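These notes are about the structure you will find just below.
The values are calculated or read from the model by the stated rules, or taken from the named source; none is laboratory data. Computed from a predicted model, the values in this text were never measured in an experiment. Glycine gets a Cβ as well: all are built from the backbone with ideal geometry, and neighbour counts include every protein chain shown.
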Amino acid sequence: MRAFFSSIWLLLILSVGAPLAAHPGTHTHDLKDKKVADKSWTLVIHGGAGSMTRGKLAPEQDSAARAGLAKALEEGSAVLEKGGSAMDAVSAAIMVLEDDEHFNAGRGAVFTYKGVNELDASIMDGKTLGAGAVTGARYTKNPILLARAVMEKSPHVMLSNEGADEFSREQGLEQVNPDYFATPERWRQLEELKAKKLGWYDVDLKYGTVGAVAVDSEGNVAAGTSTGGLTGKRWGRIGDSPVIGAGNYADNRACGVSATGAGEFFIRLGVAHEICARMRMLGEDAKTASDHVIKELGLLGGTGGVIVTAPDGTATFAFNTPGMYRGKATSKGEKVVAIYGDE
Ligand code: ASP
């Protein structure tokens, strides 16, 4: 009897451990062989989902956002073109968007109710399922680098507030005065929210979270997300962006996902993991899985979107808002940037 149970355990351990080890014969390994041979890569980015429609967005905002997205694609693509990793490409693309004040991440992040910028970020490596995340960071210039340091240099997955800032200093990451993140436009949005007594999901153009997913020439997938969260957030509110499985997920056996939108709904559905799980276990493609999960999000009352890429290089955007700042570049020379739903 005992021997029977130990062999069941052994079988269980083998069957759970096997796909992660990517031994010969697994799906991941097959894809990797193909990718090594053809050197193809894919990069998909977003700069937030929201109520952007043609007449509503000022022409300057439209062109500034497109320029920022194009630059992020350029930086990320350069990494992949040189044979760099999906993790490095995702970090490079997100840093550009964090540095660009038109997006709600890093400089240009939204304000909390108390008028400070509290930054959230996460990153995940689909090859190892390694992950790192931070919430409420206030001094690190590029929060995505802090999330990555948590993954690579600490035994933890998620650090918060003063602890995250302390870890950041210890790691020698670039520190800035919190004023660096503050912009007049985000302050105006906070004042508007307070004056009109709007709810967190009521402010026009409130989103602007950034994210990137990539597949490198070796078939490895990575995903990253960075945000200031929601304008006027209170009580230490944490959204989906730094929650692995909700706003961000990567798994070489399935996909890479980065989300943007009303974080509470993304957390409740475990959106990013749910999409990967559907692809891995139901065999759905990226579009079918993400359309399904975004539909469920809508049924719960949530708004937002996701970018998804599979290890074979296929990629998709899905969102139920009028628009989503987004872009895609591939080794085949494809390079697109879009904002509105009809593009
Ligand atoms: N998902 C983010 C949050 O809830 C907000 C956003 O995507 O704009 O914090």
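If you go through the stretch 262-301 and keep only what is in a helix (DSSP H, G or I), aliphatic (A, V, I, L, M), out of contact with any helix residue (DSSP H, G or I) (no Cβ under 6 Å at 6 or more places or on another chain) and under 19 Å from residue 227 (Cα atoms), you end up with 267, 272.
Considering only residues that are more than 14 Å from residue 178 (Cβ to Cβ) and hydroxyl-bearing (Ser, Thr, Tyr), which ones fall in the stretch 137-156?
Across the stretch 137-156, the qualifying residue is only 154.
One residue stands out among those in the stretch 207-252 that are assigned to a loop (DSSP other than H, G, I, E, B), away from the ligand (no atom under 14 Å from the Cβ) and touching a strand residue (DSSP E or B) at 6+ places or on another chain (Cβ under 9 Å): the one that is nearest to residue 296 (Cα to Cα), which is 252.
Against the definition (closer than 28 Å to residue 324 by Cβ and either away from the ligand (no atom under 16 Å from the Cβ) or assigned to a loop (DSSP other than H, G, I, E, B) (or both)), how does residue 169 come out, yes or no? Spell out how you get there, then give the answer.
Working: closer than 28 Å to residue 324 by Cβ: no; either away from the ligand (no atom under 16 Å from the Cβ) or assigned to a loop (DSSP other than H, G, I, E, B) (or both): yes.
Answer is no for this residue.
Of the set (1) within 12 Å of the ligand (Cβ to nearest atom); (2) buried (at least 22 other Cβ atoms within 10 Å of the Cβ); (3) assigned to a loop (DSSP other than H, G, I, E, B), all apply to residue 311 but (1). Would you check if residue 312 is farther than 19 Å from residue 53 by Cα, in contact with a Leu (Cβ under 9 Å, 6 or more places away or on another chain) and among the charged types (D, E, K, R)? So residue 312 passes the test. Contact annotation: residue pairs with Cβ atoms under 8 Å, 6 or more positions apart or on different chains, pairing a residue in the stretch 128-152 that is β-branched (Val, Ile, Thr) with a partner that is part of a loop (DSSP other than H, G, I, E, B) and surrounded by 22 or more Cβ atoms within 10 Å (Cβ to Cβ), are 134/242; 135/118; 135/242. Inspection of the stretch 43-57 finds no residue satisfying the criterion of being modelled with pLDDT of 95 or more and either polar (S, T, N, Q) or assigned to a helix (DSSP H, G or I) (or both).
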